[in-house]
């Protein structure tokens with residue numbers, strides 16, 4: 001399964017149009033696709049003729065509710081056609097960041113929901129909001145790839161730099177590696193500015209840009225107005241031809257992505273043979289439970305990382321780690337705190353601080 005976020009913090013760059021029509025073209029070619037709308041505007045659902053304001057369950061209920069009342073992502077999914085499904089959202093999702101700003105594990109809510117899916121998909125396409133907040137961070141954490149649509153304007157090209165910084169920050173802070181590729185969209189080659197920006201994009205991103213260019217096409221806008229993808233609207237249009245070509249490129253990469261995953265697995269086995277036991281210790285006599293989380297376990301507070309308490313209130317846990325640098329925190333009765341005994345700290349993306357350890361072979 002390939003999890004792909006389609007994101008750009010700049011609006012009007014063809015992000016949702018790409019999410020809908022790439023999903024539809026992949027489904028047309030026999031792949032089972034789930035499109036997840038992480039944009040509170042709900043445009044992905046609206047573009048597929050779904051009245052999102054009347055929905056009882058949306059992505060919001062999957063991400064926000066407590067564990068006891070959590071709505072499985074399977075219950076949110078609606079079928080578009082045989083191979084194409086969507087998990088829609090609406091304006092309620094805009095409250096996500098406010099309500100979960102201090103909740104442990106908030107940045108991996110979408111990843112957790114995807115892992116619990118009972119249905120099996122070949123592709124999960126995530127339509128991100130035009131911002132760099134917690135919703136986009138959730139999408140990045142749930143993805144192994146990011147596609148960035150860039151329209152033919154210098155403002156769009158300039159704004160991409162900030163997004164790339166965030167993706168790199170995710171990699172540094174969490175150890176989560178994401179493959180990035182760029183899609184040139186809304187291109188009218190009759191104009192000088194489009195040709196200049198396209199040349200600039202190709203020079204800047206070199207091997208990280210798709211060969212397919214999505215041209216400006218009125219049929220794409222008409223399809224959205226009729227609440228359907230370009231696949232169902234006009235198979236003779238330039239928009240259909242472009243998005244099918246893009247889907248072919250994505251499919252062509254399947255073998256390489258599989259090889260990359262196999263390489264990652266081999267590297268993990270190599271690291272396992274050189275792992276070093278590291279004991280974490282914290283004095284918290286009043287605590288009822290303490291867990292250790294960090295970049296080494298994808299910041300997930302599972303039972304495997306529950307620490308053991310001694311009679312004098314000292315909690316400890318031994319974790320086997322490969323050589324390298326890691327960030328970590330303790331979760332003491334649901335409060336995430338840094339290691340006060342460790343002077344090595346760094347700022348985290350949410351205004352707090354993570355402790356740092358280095359494991360030598």
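The values are calculated or read from the model by the stated rules, or taken from the named source; none is laboratory data. What you are looking at is a predicted structure, and each value in this text was computed from that prediction instead of being measured. Neighbour counts run over all protein chains shown; Cβ positions are idealised from the backbone, glycine included.
For region 187-205, the criterion of a residue being at pLDDT 85 or above and part of a strand (DSSP E or B) is satisfied by at least one position. Scanning region 80-112 for residues that are part of a loop (DSSP other than H, G, I, E, B) and at pLDDT 80 or above yields 80, 81, 82, 83, 88, 89, 90. When residue 76 is tested against (1) modelled with pLDDT under 90; (2) more than 19 Å from residue 26 (Cβ to Cβ), only condition (1) is not met. From the list 40, 88, exactly one residue is in the same structural domain as residue 164 (by TED's automatic domain parsing) and either buried (at least 24 other Cβ atoms within 10 Å of the Cβ) or in contact with a strand residue (DSSP E or B) (Cβ under 6 Å, 6 or more places away or on another chain) (or both). Which is it? Just one listed residue meets the conditions, 88. Quick one: would you say residue 58 is over 17 Å from the mean Cα position of the chain (by Cα) and crowded, with 19+ Cβ neighbours inside 10 Å? Answer is yes for this residue. Could you go through region 324-347 and let me know if any residue there is outside the structural domain of residue 104 (by TED's automatic domain parsing), in a loop (DSSP other than H, G, I, E, B), out of contact with any strand residue (DSSP E or B) (no Cβ under 9 Å at 6 or more places or on another chain) and surrounded by 15 or more Cβ atoms within 10 Å (Cβ to Cβ). No, region 324-347 contains no residue that is outside the structural domain of residue 104 (by TED's automatic domain parsing), in a loop (DSSP other than H, G, I, E, B), out of contact with any strand residue (DSSP E or B) (no Cβ under 9 Å at 6 or more places or on another chain) and surrounded by 15 or more Cβ atoms within 10 Å (Cβ to Cβ).
Quick check: anything in region 50-58 free of Cβ contacts under 8 Å to residues at least 60 places away in the same chain, closer than 26 Å to residue 254 by Cβ, in a helix (DSSP H, G or I) and out of contact with any strand residue (DSSP E or B) (no Cβ under 7 Å at 6 or more places or on another chain)? No, that holds for no residue.
No other residue among 63, 34 is touching a residue at least 60 places away in the same chain (Cβ under 8 Å), farther than 17 Å from residue 130 by Cα, within 18 Å of the chain's Cα centre (by Cα) and in a strand (DSSP E or B) apart from 34.
Residue-wise test of (1) crowded, with 17+ Cβ neighbours inside 10 Å; (2) in contact (Cβ under 8 Å) with a residue 24 or more places away in the chain.
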residue	(1), (2)
116	no, yes
131	no, yes
140	yes, yes
151	yes, yes
156	yes, yes
161	no, no
167	yes, yes
174	yes, yes
181	yes, yes
